[in-house]
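Asks: Have a look at this one before I ask anything.
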Amino acid sequence: KSSAGKQQQQRFDTDEDVPKGLSRLIQHSEWLSRGCSVPCQNNHDYEKWSNVRKKNRKSKYAQHSTCRNDSGWESRVLVVDETDVQRLFDNNFKGKMLHRPSPTAYNWALRLGAKKYEAQTFADLEDEEDIWDFVSALLARSDVLRFQPWIAKDARNFIRLSQLPMQVSYDAFHVRREGSVQGYEKETGLDVIPFQEYLKTWERHDCSDKARIIYIASDNPGQIKEEISKYPAGDEGNLILPGVDECHGLRFYLREDSTSTEFMKKGSTSDCSIQYRRTISSVADLIILSKSSTFIGEFGSSFARLVRTFRAALNDFPGREEEGPVLVRDTRVVWGKLHPGPPGI
């Protein structure tokens, strides 16, 4: 084989029986496609669908295309990427979902797995934030985002290797250091949010002799470690925060890249293998941050918005009716808008 051919083989050094595309990561929900298979699989590959998408992307409204299956039946297909989805949602669906009264809102909720009384509650909502929070809670409870077994196993291994004690209460920060936070530099003159601001947003007043555990997910763990090293440490090595929260010691856990995977062949060092390990790290972060007692982040990040979606739950708890239709686990915004808007990434 040529060197180019060997490089191509190495780049996709995966087991043959692993599904392709997004299905490598996520189990497809039958109810999303109503049990239908992917249309026109034998005459439309990725490149052909991509060309269809590019042809239609200039349109403000949804443009469907048709293709013929091997059976002779035609399928009507809407081909989009993530940018198209956002554009079509803003132009076509956002207003419809917020409009009340709406006879279709009840059915939307049912399709997301709501019980009849829950669907009626959703149809009666009028506040925009309540509507989006209700959708988030339904999505979090559904099987829309259900990882493949090998992804779930590798994520569990990553969490175990992080040595984070998830059986006890812990908090979590999502701290971005690569690139700038939109709008923050214009307002403050800084391209990133200082770590001190996360600590101030987190500050607690329930003093404890035990160190508080904080997990940090960041795109630059090394830089975060440097920032943390500037704070004084107590007798047991836990961080002490003078002027912020002197009645607490803090113990930080920072994410590192995954080193153990089931999906890639053992010992693989290809670009694809490295990217997969990064993906596993992100999946593990999503799980850890979603389950934390308190989460600190900013919604300029699509990842933080996704975390917030999985922190929402329908309020079916007796005695908490006055707290609204949806409960969101303690989520604090270090800077920017306080509500993420519609769920999604």
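The values are calculated or read from the model by the stated rules, or taken from the named source; none is laboratory data. Just so it is clear, the structure is predicted and the values come from calculations on it, not from any experiment. Cβ: placed from backbone, ideal geometry, glycine included. Neighbour counts: every protein chain shown. Accessible surface areas use protein heavy atoms only, side chains included; no ligands, DNA or RNA. Shrake-Rupley method; radii C 1.70, N 1.55, O 1.52, S 1.80 Å.
Asks: Share of region 59-172's accessible area from carbon and sulfur, percent, 1.4 Å? All intermediate terms of the calculation are to be shown ahead of the outcome.
Replies: Numbers: 3610 of 6780 Å².
Exposed carbon and sulfur together represent 53 percent of the surface.
Asks: Taking the Cβ of residue 100 as the center, what net charge do the other residues with Cβ under 12 Å away carry, scoring Lys and Arg +1 and Asp and Glu -1? The partial results should precede the final answer.
Replies: Values: positive: 96; negative: 124, 126, 127, 128, 130.
It works out to a net charge of -4.
Asks: Give, as a single signed number, the net charge of other residues whose beta carbon lies under 11 Å from the beta carbon of residue 115, with Lys and Arg counted +1 and Asp and Glu -1.
Replies: Values: positive: 116, 141; negative: 118, 316.
Once all neighbours under 11 Å are counted, the net charge is 0.
Asks: For the pairs 94/115; 94/225; 55/96, note any where the Cα-Cα span goes beyond 30 Å.
Replies: Values: 94/115 23 Å; 94/225 41 Å; 55/96 26 Å.
From 94/115; 94/225; 55/96, over 30 Å: 94/225.
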